[in-house]
1. Please go through (1) modelled with pLDDT of 95 or more; (2) assigned to a helix (DSSP H, G or I); (3) not acidic (D, E) for R33 and return the number of the only condition it doesn't satisfy.
2. Could you check, for region 39-55, whether at least one of its residues is surrounded by 10 or more Cβ atoms within 10 Å (Cβ to Cβ), outside any helix (DSSP H, G or I) and not basic (K, R)?
3. Could you please find all residues in region 26-38 being closer than 21 Å to N2 by Cα and surrounded by 10 or more Cβ atoms within 10 Å (Cβ to Cβ)?
Amino acid sequence: MNEENMKHIGFPIEPELYYKIQSISEFYGRSLRKQMRFMVSRYVARFEKKYGNIDIETDY
């Protein structure tokens, strides 16, 4: 999916957590943005594996 079609979210985060995620992203050679996308994608995949697929509207 290209950047134009993506939804954007912003939220406050504790400095300690921010720097820990930043450190993890550097460890894996990812930008902070890509690391956050990766982590959220993994979380959703695990949730769906445990509880079943999440049905969403596809007209977005």
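1. For R33, the failing item is (1).
2. Within region 39-55, none of the residues are surrounded by 10 or more Cβ atoms within 10 Å (Cβ to Cβ), outside any helix (DSSP H, G or I) and not basic (K, R).
3. Result: R30, S31, L32, K34, Q35, M36, R37, F38.
The values are calculated or read from the model by the stated rules, or taken from the named source; none is laboratory data. This structure is a prediction, so every number in the text was calculated from the model and none was measured. Here the Cβ is made from the backbone with ideal geometry for all residues, glycine too, and neighbour counts use every protein chain on show.
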